[in-house]
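**Q** Can you read through this structure? Questions will come right after.
The values are calculated or read from the model by the stated rules, or taken from the named source; none is laboratory data. Quick caveat, the model's predicted, so the values are computed rather than measured. Reconstructed Cβ throughout: ideal geometry from the backbone, glycine too, with neighbour counts over all protein chains shown.
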Amino acid sequence: MPIFPHTPRRLTAVLVAALAACAVAGCSTQSPPKHSERLQKASGLVTFQIDTTPGLWSKTSKQTAYAADDQKIDAKVTKLGSGLQRVELSGISLANYLRQLDYHAHGGAGGSAPWSRYREAEAVRMYDEISHKLDSVEKRPSPDDPPLRIEVDDAFLSAKHK
């Protein structure tokens, strides 16, 4: 019995092949392992700081997620002397930002084809940098500890091209 009874065999074969290729290529909306744990860690922080370029922050913070109304990102942005800016987020805003980054880095339908997915390089990079820092935290920082901070700039990219 054919999978799609009212569809010609060739078209059925093409559909099955496309679905199989999509599955092999990772066309899913699965969040990375430990995503939920990262959200829990993030939401428990008082403050998290990201030193980054204005362009990278603008690109990744202005995207919309699947439930943007519920995921407000409040950030205090301060210009640094190095051309970077320091973005200071509360734990809840960091969790919301991670949800948004996850959507644009690992999921969410993109493009006009139903199997296409967002895989935005900027969101992937920022998600990976924040995740690395959160994964390294073993216990909740005390209120007297300095805030967790990462630096995400493009210095290594220009160094590779010289």
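**Q** Name the one entry in Q63, Q40 that is in the same structural domain as L94 (by TED's automatic domain parsing) and modelled with pLDDT under 90. It would help to see each step written out before you state the result.
**A** Values: Q40 fails: modelled with pLDDT under 90.
Just one listed residue meets the conditions, Q63.
**Q** Looking only at the range 120-150, count every residue that is acidic (D, E) and closer than 17 Å to S58 by Cβ and tell me the total. Spell out the reasoning first.
**A** As a first pass, look at the range 120-150 and keep what is acidic (D, E): 120, 122, 128-129, 135, 138, 144-145.
Those left that are additionally closer than 17 Å to S58 by Cβ: 120, 122, 129.
Of the residues in the range 120-150, 3 are acidic (D, E) and closer than 17 Å to S58 by Cβ.
**Q** Working only within the range 66-88, note down all residues that are of a type in the set (S, T, N, Q) and at pLDDT below 95.
**A** Quick first cut of the range 66-88, residues of a type in the set (S, T, N, Q) only: 71, 78, 82, 85.
Listed by number, the residues that qualify are Q71, S82.
**Q** Just checking, does the range 18-37 include any residue being closer than 14 Å to A123 by Cα, at pLDDT below 90 and not in a loop (DSSP other than H, G, I, E, B)?
**A** So in the range 18-37, the residues closer than 14 Å to A123 by Cα come out as 31-32.
Filter once more, so that each one left must be at pLDDT below 90: 31-32.
Among the residues that remain, those that are also not in a loop (DSSP other than H, G, I, E, B) are: none.
Taking every residue of the range 18-37 in turn, none turns out to be closer than 14 Å to A123 by Cα, at pLDDT below 90 and not in a loop (DSSP other than H, G, I, E, B).
**Q** Scan the range 39-54 and report the pairs whose first residue is more than 14 Å from I73 (Cα to Cα) and whose second residue is of a type in the set (D, E), with Cβ atoms within less than 8 Å and a gap of 6+ or a chain change.
**A** D51/E151; D51/D153; T52/E151; T52/D153; T53/D153; T53/D154
**Q** Can I ask one more? Would you please name the residue that is farthest from the chain's Cα centre (by Cα), looking only at residues in the range 129-154 that are surrounded by 14 or more Cβ atoms within 10 Å (Cβ to Cβ) and more than 15 Å from E88 (Cβ to Cβ)?
**A** This residue is V137.
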